[in-house]
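Okay, structure first, notes after.
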Amino acid sequence: MIYIRSFLYMLGMWIFTPVFTTLSLFTFPLSRRTRYILISGWARSMLWWLKVTCGLSYRVIGRENIPDHPSVILCKHQSAWETLALQQIFPPQVWVLKRELLWIPFFGWGLALTSPIAINRAAGREALKQLVSKGKERLAQGFFVVIFPEGTRVPPGTTGKYHIGGAWLATHSKSTVVPVAHNAGEYWGKNSFLKRPGTITLSIGRPIDTQGIKADALNQRVEAWIEQEMRLLDRK
């Protein structure tokens, strides 16, 4: 049954995404914020379809920790699920991502219209400069900035290297940091066709004031909280 449910989810996504993306192209003349609100409807629709077809829902711990001002979200990365759910849980946001994602037909085109910060990872220090420049700009425009510090999806029970980019942006823009942990990989693994029924738990940590904190120390603090929270979620 899980194969049939997972197939129905994928089928719906394959049918709906090209249609939605084509319609989203007409939002180009609108403001960045309006474009985001309209285009993020795709993520909300996919989360609803995921619950209907696969019986996969979620709950949030610490919703009261979401700041009332634009901040930097540093989130655990295990699945494709969080790329959908963060859009429903947090205020309007932009994503820091590798520029190659924008080249994917339909998906990438819609993604480009949400004003992401697309960087060339091979550029090294120049990529950090671009991240800070564009990040400050998006924060000033009222967007939260979402970064996956591990850079790629990691399997449950493992920890990737926490890259300094997110902490670097936060300290150089004097922005609040919001650490986020979740156990989505237990239900929807990396590149997995199967989506297992259940309830994903997403935990939002207390906001971190970055005044007077160096990027390295902030990065270590975020990693410590996320990985400790992951151990707690894994026991539940």
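Annotations
- Of all residues in segment 150-191, those being under 17 Å from Gly135 (Cα atoms), touching a Lys or Arg at 6+ places or on another chain (Cβ under 8 Å) and of a type in the set (Val, Ile, Thr) number 1.
- Conditions (1) touching a residue at least 40 places away in the same chain (Cβ under 8 Å); (2) among the aliphatic types (A, V, I, L, M); (3) within 20 Å of Trp42 (Cα to Cα); (4) surrounded by fewer than 21 Cβ atoms within 10 Å (Cβ to Cβ); number of the one not met by Val154: (3)
- Meets criteria (more than 18 Å from the chain's Cα centre (by Cα) and either surrounded by 13 or more Cβ atoms within 10 Å (Cβ to Cβ) or not hydroxyl-bearing (Ser, Thr, Tyr) (or both)) for Gly12: yes
- Close pairs (7 angstrom Cβ cut-off, 6 or more residues apart or separate chains): touching a residue at least 40 places away in the same chain (Cβ under 8 Å) and under 19 Å from Leu113 (Cβ atoms) in segment 123-151, of a type in the set (A, V, I, L, M) and part of a helix (DSSP H, G or I) anywhere: Gly135/Leu169; Val145/Leu139; Val145/Leu169; Val146/Leu86
- Residue within segment 176-189 that is among the hydrophobic types (A, V, I, L, M, F, W, C) and at pLDDT below 95 present: no
- Yes/no for Pro116 being modelled with pLDDT under 95, within 26 Å of Gly189 (Cα to Cα) and in contact with an Asp or Glu (Cβ under 7 Å, 6 or more places away or on another chain): no
- In segment 16-54, the qualifying residues are those that are among the hydroxyl-bearing types (Ser, Thr, Tyr) and part of a loop (DSSP other than H, G, I, E, B), and the one that is farthest from Ala80 (Cα to Cα) is Ser31.
- Screening segment 91-110 for residues that are closer than 16 Å to Leu30 by Cβ and not in a strand (DSSP E or B) and picking the one that is nearest to the chain's Cα centre (by Cα) gives Pro92.
- Test: residue in segment 64-86 that is in contact with a strand residue (DSSP E or B) (Cβ under 8 Å, 6 or more places away or on another chain), free of Cβ contacts under 8 Å to residues at least 12 places away in the same chain, within 30 Å of Gly157 (Cβ to Cβ) and in a helix (DSSP H, G or I): no
- Test: Arg44 is closer than 30 Å to Gly205 by Cβ, surrounded by 15 or more Cβ atoms within 10 Å (Cβ to Cβ) and among the charged types (D, E, K, R): no
The values are calculated or read from the model by the stated rules, or taken from the named source; none is laboratory data. All values reported here derive from a predicted model rather than from experimental measurement. Every residue, glycine among them, receives a Cβ derived from its backbone with ideal geometry; neighbour counts consider all protein chains shown.
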